[in-house]
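To start, the structure itself, in structure tokens.
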Amino acid sequence: FGERVSGEGVLSFSRLDWNRSGDGPIDGGVHQFMLRDQRQLDISGLREDWTVNLSERSLIRTGFELKSETASYDYSLLRQTYAIRNGDSVTDTQQLNYTLRPEGDYLAAYSALRFQPWTPLIIEPGIRFERYAATGDSRWSPRLNVSLVFGVTTLRAAWGIYEQAQGLQELSLQDQE
């Protein structure tokens, strides 16, 4: 293929940490709380993209992305509410404790055909597939990009279905999700 095929790849490793804690009165002392929320997300990924020139006026862009994700949650919330019931002072206590280790893989692949039917117009229809192992979601997403050149001005339009699954680091433990 020689100069007709070009590509590039990226191998990546990421770690994100969240740490927060606190305690004290809230709502003017009507409530007390103690919170410890420690989270970590590790991601290993590989991405490859290729371009194949078919002619002067057409090319194919294709590629894939693989990710392996592992998250950890150590979450503890103690909330106390003071109230008067039937003339007695009572303390309602709510306690949440979670230690979670969710993990999952992500796979995405795409392909698009870019062609130029005449010099000022470029049309690029494409398709993308994504699979999230942690949530069991998989989907096909159509895409369409168009650009039209008027002298020094370029008019661009895009349409597609773009969805994003909830990340492993985005669980709302405080809402008992």
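How much of the pair distance distribution for region 1-50 lies past 13 Å, counting alpha-carbon pairs only, in percent?
Details: 919 of 1225 pairs.
Within region 1-50, distances greater than 13 Å cover 75 percent of Cα pairs.
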Discussion item. From the mean inverse distance of alpha carbon pairs (Kirkwood) and the Cα radius of gyration, derive Rg over Rh for region 1-142.
Written reply: 1.30
Worksheet item: Once the principal axes of the Cα atoms of region 62-177 are found, what is the range along each, listed largest first in whole angstroms?
Response: 83, 31, 20
Worksheet item: Relative contact order for the chain using alpha-carbon pairs under 8 Å, separation at least 6, rounded to a whole percent?
Response: 16 percent
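Give me the Kirkwood hydrodynamic radius of region 122-177, using the inverse of the mean 1/r over all pairs of distinct Cα atoms, in Å to one decimal. Spell out each step's value before the answer.
Numbers: mean 1/r = 0.0698 Å⁻¹.
Evaluated on region 122-177, it is 14.3 Å.
Computed from the coordinates by the stated procedures, all read-outs in this text should not be read as laboratory data. Since we're looking at a predicted model, the values are computed, not measured.
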